[in-house]
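First the structure, in the form of structure tokens, and then the observations on it.
The values are calculated or read from the model by the stated rules, or taken from the named source; none is laboratory data. Just so we're clear, the structure is a prediction, and the values are computed from it rather than from any experiment. Please note: Cβ atoms are built from the backbone with ideal geometry, for glycine as well, and neighbour counts cover all protein chains shown. Areas reflect the complete protein model, heavy atoms only, side chains present, ligands, DNA and RNA absent. Shrake-Rupley method; radii C 1.70, N 1.55, O 1.52, S 1.80 Å.
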Amino acid sequence: MVVLLLGTWLSGCRKADDKKGNIAAPDFYTENLEEATTEVSTTVVTEEPLRVAFASGVGLTPTDSRWKIDMALADWCDKNQAEYAVYEDEESISGGKIPSVKAALSKNPDIVVYYSSFGVEEICKAARRHPKTFFLLLNCENEGYYDYSEDKNIPFLGNVGSVYCDGLLTAYISGYASVRLGFREIGVLSQFSGVLSDVYLQGVDQAVAETGNNVHVRIVENGGYFCECGAIEKEQPGVASRWCQDGVDLVYTPIGGYWLTSLIHEDLLGSETCVAYEDNYHLTSSDEVFNRCAWIGVVHFGNVARWIMDELSKDGGLETYGGKTTMVGIVNPECPFDNPIMPWKSTKWTEDFAEEDYRLLLKRIYDGELSYEIGDQWSMDYQPYEPVNFTVERN
């Protein structure tokens, strides 16, 4: 069985940053919104060690991104002489309340880290009550929240910063690497907007143009998004199975875990089929799904957490990243293991695409030599990307 992994992990290229940021001491938690203020101060230097709290939500297990974030934050705090604590919720968020955030705030942390785009409204309300605490949202593309009572968008205050990884960049890297690693028959299970699949094809197109290899891609665009596991098979019965029987050697799934897990567990993919997958939560090296996948362009949220903590700890870091959403991609072109998007150490490189070639790919993207383009996927005039260097079938 071919197992090719291009995911993310940590390496020795990183040097710990010992600087402490200009972090302000927080106020105590209060339920009275009228006592809150929108004036945010993040310029008071603490006399005590930096206090970091991770409100993890439900479940810290090795099969979840929250576990990787927890490990990364604990390691970062240890190296930077900061205090660290993690708070879990006993059950899923309901009614807009996040008990782990409230518990964290009761201990006066300087930074509260929260992973998710759900519950952002509650986070922003807590930020009003605690103007001297910095709230860091990971894997959240929001730039604020929608207040239905006022029927308007409420932007982040200066003590809230949101960070997420560039999914389009992972798709481009996945497409390019798929060809360079030797795959020639590719199936793409697209998602609702098709943008990730289009950027994946641009990566394939670039690699084909450079290598001159013949590549054939088949695409199913069924509009599936949440619970994609059933959508693809209901609308296109047995499509993945037929692809495998017809010689497809890689199936690309731009959305991730639920769909991929269902395909594997229902034995819809042949034993020799590799699956490219953007996000590695829910999977571990002991999981059957893991061992039957080609992890190409995977995001490691532990790396994202390390990177943003380094940034926040620099002079002026809170002001730089507070009050807005930041998209992160390649942060160190010289060392792929220092990036949020990077290969697993167990990646099976080939003569045509070794680790040095991967490093060169990152540098070419970082320097602007290679790039992708997207149209407005919500426009009626949006047209899927049509490659010029290989054949493609859209079902």
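Any residue in region 368-395 that is under 17 Å from H216 (Cβ atoms) sitting within a Cβ distance under 9 Å of a residue that is among the basic types (K, R) and at pLDDT 85 or above? List the pairs, counting only those 6 or more apart or interchain.
As it stands, the answer is V392/R218; E393/R218; R394/R218; N395/R218, since those pairs meet every condition given.
Go through region 50-88 and report how many residues are at pLDDT 75 or above and crowded, with 18+ Cβ neighbours inside 10 Å.
Restricting attention to region 50-88, the residues satisfying the condition of being at pLDDT 75 or above are 50-56, 65-88.
If we keep only those that are crowded, with 18+ Cβ neighbours inside 10 Å too, we end up with 50-56, 65-70, 72-73, 76-77, 80, 82, 84, 86-87.
Selection size over region 50-88: 22.
Is it true that L360 is open to solvent by less than 30 Å² (accessible area, probe 1.4 Å), hydrophobic (A, V, I, L, M, F, W, C) and modelled with pLDDT of 90 or more? Walk me through how you get there before you give the answer.
Numbers: open to solvent by less than 30 Å² (accessible area, probe 1.4 Å): no; hydrophobic (A, V, I, L, M, F, W, C): yes; modelled with pLDDT of 90 or more: yes.
For L360, the condition - open to solvent by less than 30 Å² (accessible area, probe 1.4 Å), hydrophobic (A, V, I, L, M, F, W, C) and modelled with pLDDT of 90 or more - is not met.
So N153 fits all but one of (1) open to solvent by 10 Å² or more (accessible area, probe 1.4 Å); (2) within 27 Å of P336 (Cα to Cα); what number is the exception?
(2)
Cβ-Cβ below 8 Å, separation at least six or inter-chain, first residue in region 298-327 and touching a residue at least 40 places away in the same chain (Cβ under 8 Å) and surrounded by fewer than 23 Cβ atoms within 10 Å (Cβ to Cβ), second of a type in the set (F, W, Y) and not in a helix (DSSP H, G or I): which pairs?
G322/F134; G322/F156; G323/F156; K324/F156; T325/F156; T325/Y164; T326/Y164; M327/Y164
For region 127-149, state whether one or more residues are under 17 Å from A53 (Cβ atoms), out of contact with any helix residue (DSSP H, G or I) (no Cβ under 9 Å at 6 or more places or on another chain) and open to solvent by 30 Å² or more (accessible area, probe 1.4 Å).
Yes, region 127-149 contains a residue that is under 17 Å from A53 (Cβ atoms), out of contact with any helix residue (DSSP H, G or I) (no Cβ under 9 Å at 6 or more places or on another chain) and open to solvent by 30 Å² or more (accessible area, probe 1.4 Å).
Which count do you get for residues in region 89-107 that are surrounded by 17 or more Cβ atoms within 10 Å (Cβ to Cβ) and modelled with pLDDT of 80 or more? Walk me through it before giving the result.
Of the residues in region 89-107, the ones surrounded by 17 or more Cβ atoms within 10 Å (Cβ to Cβ) are 89, 93, 98, 100-101, 104-105.
Now drop any that are not modelled with pLDDT of 80 or more, which leaves 98, 100-101, 104-105.
Summing the residues that are surrounded by 17 or more Cβ atoms within 10 Å (Cβ to Cβ) and modelled with pLDDT of 80 or more in region 89-107 gives 5.
Got at least one residue in region 164-186 being open to solvent by 60 Å² or more (accessible area, probe 1.4 Å), at pLDDT below 90, out of contact with any helix residue (DSSP H, G or I) (no Cβ under 8 Å at 6 or more places or on another chain) and outside any helix (DSSP H, G or I)?
If we filter region 164-186 for residues that are open to solvent by 60 Å² or more (accessible area, probe 1.4 Å), which is where we start, we get 184.
Adding the requirement that they be at pLDDT below 90 leaves none.
There is no residue in region 164-186 that is open to solvent by 60 Å² or more (accessible area, probe 1.4 Å), at pLDDT below 90, out of contact with any helix residue (DSSP H, G or I) (no Cβ under 8 Å at 6 or more places or on another chain) and outside any helix (DSSP H, G or I).
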